[in-house]
Amino acid sequence: MYISTDGGSWYPQACRFHKLDHHIHSPFEKSIIERTMQYIKARTECFDDHFPCRKKNCTLKHVKQWLDLFVYQYNSNIKS
């Protein structure tokens, strides 16, 4: 298994520690990833405006469930 990163200075050491191959993204790959993350962030912010998380001490499991709901709602709207 390998890990793809943006070339941050600490990634090579972390990958060696976990015995993972390290791959650095090209500038083209970085721009596609950045654009994708901006798209996801914009969509989830709009969704959060209507369905905010009100749970105190939110866990990663709860975040995954929230994202699953977002994906379901988003895909339902596309199919309509």
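The values are calculated or read from the model by the stated rules, or taken from the named source; none is laboratory data. Just so you know, these numbers come straight off a predicted model, no measurement behind them. Note: ideal-geometry Cβ built from the backbone for every residue, glycine included; neighbour counts use all protein chains shown. What goes into the accessible areas is simple: the full protein's heavy atoms, side chains included, and nothing from ligands, DNA or RNA. Shrake-Rupley method; radii C 1.70, N 1.55, O 1.52, S 1.80 Å.
Here the spin labels are modelled as points 7 Å beyond Cα on the Cα-Cβ line, and at His18 and His62 they lie 2.5 nm apart. Between the amide H of Ile3 and those of Asp21, His22, His23, distances stay under 5 Å, these residues lying 5 or more places away or on another chain, with hydrogens modeled in the peptide plane. Here are a few candidate values for Kirkwood radius over Cα pairs in Å: (i) 16.0; (ii) 13.2; (iii) 15.4. Which one was actually calculated from the structure I just gave you? Computing Kirkwood radius over Cα pairs in Å and matching it to (i) 16.0; (ii) 13.2; (iii) 15.4 gives (iii). Find the lysine pairs in the chain meeting two conditions, Cα atoms under 24 Å apart and a separation of 8 or more places or different chains, and report how many there are. Qualifying lysine pairs in the chain: 10.
What a 1.4 Å probe finds exposed on region 21-80 is 59% carbon and sulfur by accessible area, rounded to a whole percent.
Here the gap between Ile40 and Leu69, fully extended at 0.36 nm per residue and compared with their Cα-Cα distance, gives a gain of 9.1 nm. Counting only protein heavy atoms and a 1.4 Å probe, region 1-47 has 85 square angstrom of accessible area per residue.
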